Structures are given as C-alpha cells and as structure tokens.
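Take a look at the structure set out below.
The values are calculated or read from the model by the stated rules, or taken from the named source; none is laboratory data. All values reported here derive from a predicted model rather than from experimental measurement. Using ideal geometry, Cβ is built from the backbone for each residue, glycine included, and neighbour counts are taken over all protein chains shown.
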Amino acid sequence: MSPRHLALAVGLAVVWGVNFVVIEVGLAHLPPLLFCALRFLVAAVPAILVLRSPGVPWRWVALVALTLGILQFGLLFSGMAAGMPPGLSSLVLQAQAPFTLLFAVLLLGERLTRYQVVGMVVALAGLGVIALDLGATSPLGAFLLLLAAAASWGVGNIVMRHAKPPDMLRFMVWVSAVAMLPLFALSAVFEGPQRGWDALRAVSWPAVGAVAYVGLVATVAGFGVWGYLIRTYSASAIAPFSLLVPVFGMAAAALLVGERITPLRVVAAVLIIAGVLAGLVRGRTPAARVPSPSSTPAHSPTARTPSLGR
C-alpha cells in the first residue's frame with residue numbers, strides 16, 4: 001500500500017473514531033432517533049439528486065436500510081443517549097464481528113475455521129470483561145442496546161454480502177435516503193413530535209456541527225474514501241484498518257470528553273481487537289456441505305464485508 005493510501009486508511013479510522021465523540025455532542029442537544037434521522041437526511045440530500053441508482057435491486061437497499069440504518073444506528077444512538085460513553089461504545093460495537101460469524105453459520109450454513117472460533121471466543125471474553133467493568137450502577141441497559149446494535153450490524157453484513165453493491169458510496173447514500181423517513185416516524189412515535197420540534201427550535205451550532213459531521217464527513221466522505229480504497233486494493237486488505245476505530249474512539253473520548261480508561265477496559269479492548277483480528281486470518285476451513293450459488297466461501301465475513309464505521 002502506498003504511503004498516501006496508508007494515510008487515507010488511518011485518517012479514515014481517526015474520522016470514524018472521533019465520530020463517537022461527535023455523536024455524544026449531538027445527543028446533548030437532540031433526541032437520539034431524531035438525531036439519527038437528521039444524520040441520514042444530511043447524508044442523502046442532495047447527493048441522491050446527482051447520484052445514479054444504487055446499482056442493486058431495491059429489496060437489498062431496503063434490507064440494509066432496516067438492519068444498518070434503522071436498527072444499528074437507532075440502537076447505537078439510543079444506547080449512547082441512555083448513558084453508554086462514546087469510547088466504550090466504539091469498542092462494544094466491534095462485537096459485530098463475532099455476530100457476523102455467528103449469523104454466517106446460522107443463516108448461510110458456513111463452517112468456521114479454528115482461527116475464527118478462537119477469535120469469536122476471545123472477542124466474547126472481551127465483552128464479558130466490559131460487562132464486569134460496568135458495575136452495579138453503570139448503564140447495563142445501555143450496554144445491551146449497544147450489543148443489539150452490533151447484532152443488527154452483523155445481520156446487515158450478511159445482507160450486504162448478498163447485495164454486493166458495485167459502489168459503496170452510492171449504495172450508502174440510497175440506504176440513507178430509505179432509512180431517514182422511518183426514523184423520523186419512529187422519533188415522532190417514541191420521542192414525541194413536541195420534543196422533536198422543541199429540539200429543532202432551540203438548535204445550537206454544536207448540534208448543527210454534529211449533524212454535519214456524522215452526515216457529511218463520517219458518512220458521505222468516509223464511505224467515499226472507504227469505497228475508493230476497497231476498489232484500489234480489496235476488502236480483506238482494508239478491513240483490518242477498521243480495528244483502529246475503537247482505538248481512536250477511546251483515545252478521542254479520553255482526550256476530548258474526559259472518559260476514564262480503566263485497566264479492565266484496556267484488557268477488554270485488547271481481547272476484542274485480538275478476537276476480531278483472529279477472525280480475519282485465513283485458515284484451513286473444515287469440510288462443509290457444498291454452498292448454494294448465492295452463498296460465498298467461508299472466509300471471515302468481517303474481512304469480506306467492510307466495517308461501516310460510525
């Protein structure tokens with residue numbers, strides 16, 4: 001990889017890591033579901049006016065909008081609003097990797113390599129350490145919302161493997177367009193139209209900046225760079241850089257909002273990142289039944305499906 005492309009990959013991990021702190025800023029001014037809907041509104045408009053169709057059947061756009069747009073990000077924003085700190089959120093969301101492996105087994109009938117099994121166990125051990133670190137007074141419910149977000153991301157990864165979008169940026173812009181209206185509706189139902197209206201009337205520059213960052217920088221620019229890197233190299237070559245996202249996320253949270261990094265959280269970070277990294281190692285695949293034409297070889301889903309950052 002050239003130095004310029006290496007700098008792009010690392011810079012993108014920084015952008016997506018800092019994104020969790022920016023989400024925390026936005027949640028101080030906006031209800032979570034409304035904030036999520038505004039993020040997708042900014043990402044989709046006016047891009048959909050100049051971009052072509054997503055290049056895949058619309059059913060795949062709708063399924064990814066449901067799993068990644070509405071469920072993953074809706075649960076992520078809600079979990080952080082319920083008290084999950086940004087740095088820890090960036091780490092817990094990496095549970096998408098073992099969830100993706102699990103769903104690949106359950107839904108696609110894939111057989112895991114020994115490296116993937118070990119990686120899944122190690123990553124789950126890291127999540128267990130986080131649960132211990134939360135303590136009796138910490139937001140266990142918020143932690144479970146983040147786990148649900150990671151599980152939704154895992155299902156979305158399986159859907160993305162079937163969709164095989166030719167252009168990730170174009171695809172994600174249309175996913176954003178499809179996801180935003182249901183999220184506005186969910187915000188009206190669960191957060192109340194009056195609360196949303198009051199938040200919009202009292203909107204501040206930090207809130208505007210947060211929406212612009214997560215919508216334009218993290219989503220539009222981020223996926224533009226991600227898609228460019230994958231087209232230049234491959235998903236398996238670029239995917240490991242996503243492991244830097246929680247590293248920069250936890251560092252940014254510690255530096256910018258004073259989030260405490262405990263020894264247990266360091267241990268959890270090492271376990272989760274090591275587990276995800278083990279899942280990326282290509283090992284000898286156990287004998288398995290012949291997959292259907294619609295399925296893919298039993299390599300790591302994380303390596304074949306790009307992380308979507310935050």
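Taken together, the criteria place Val189 among residues that are closer than 21 Å to Leu66 by Cβ, of a type outside the set (Ser, Thr, Tyr) and without any contact (Cβ under 8 Å) to a residue 12 or more places away in the chain. Residues that are surrounded by fewer than 20 Cβ atoms within 10 Å (Cβ to Cβ) and in a helix (DSSP H, G or I) within the stretch 104-122 comprise Val105, Leu106, Leu107, Leu108, Arg114, Tyr115, Val117, Val118, Val121, listed in sequence order.
Regarding Gly215, is this residue among the small types (Gly, Ala, Ser), surrounded by 17 or more Cβ atoms within 10 Å (Cβ to Cβ), assigned to a helix (DSSP H, G or I) and within 20 Å of the chain's Cα centre (by Cα)?
The answer is yes for Gly215.
Of the residues making up the stretch 24-41, those that are crowded, with 20+ Cβ neighbours inside 10 Å and either of a type in the set (Asp, Glu) or within 16 Å of Val220 (Cα to Cα) (or both) are Glu24, Cys36, Ala37, Leu38, Arg39, Phe40.
The helices (runs of 4 or more DSSP H) falling completely within the stretch 1-79 that include 2 or more residues that are without any contact (Cβ under 8 Å) to a residue 12 or more places away in the chain map to 3-27, 47-50, 58-64. Under the condition of being of a type in the set (Gly, Ala, Ser), at pLDDT 85 or above and surrounded by fewer than 21 Cβ atoms within 10 Å (Cβ to Cβ), which residue from the stretch 239-291 is farthest from Ala7 (Cα to Cα)? Looking at residues that are of a type in the set (Gly, Ala, Ser), at pLDDT 85 or above and surrounded by fewer than 21 Cβ atoms within 10 Å (Cβ to Cβ), I get Gly258. A single member of Gly83, Gly79 is crowded, with 24+ Cβ neighbours inside 10 Å and closer than 30 Å to Val129 by Cα, and it is Gly79.
When the stretch 42-61 is filtered for residues that are of a type in the set (Gly, Ala, Ser) and farther than 18 Å from Ala163 by Cα, the ones remaining, listed by number, are Ala43, Ala44, Ala47.
Report whether or not Ala97 is over 26 Å from Ser204 (Cα atoms), assigned to a helix (DSSP H, G or I), of a type outside the set (Val, Ile, Thr) and at pLDDT 90 or above. No, not satisfied. Hey, any hits in the stretch 159-180 for a residue that's farther than 20 Å from Val45 by Cβ, under 18 Å from the mean Cα position of the chain (by Cα) and not in a helix (DSSP H, G or I)? The answer is yes; a qualifying residue exists. The single condition from (1) within 24 Å of Ala81 (Cβ to Cβ); (2) free of Cβ contacts under 8 Å to residues at least 60 places away in the same chain that Arg231 fails is (1).
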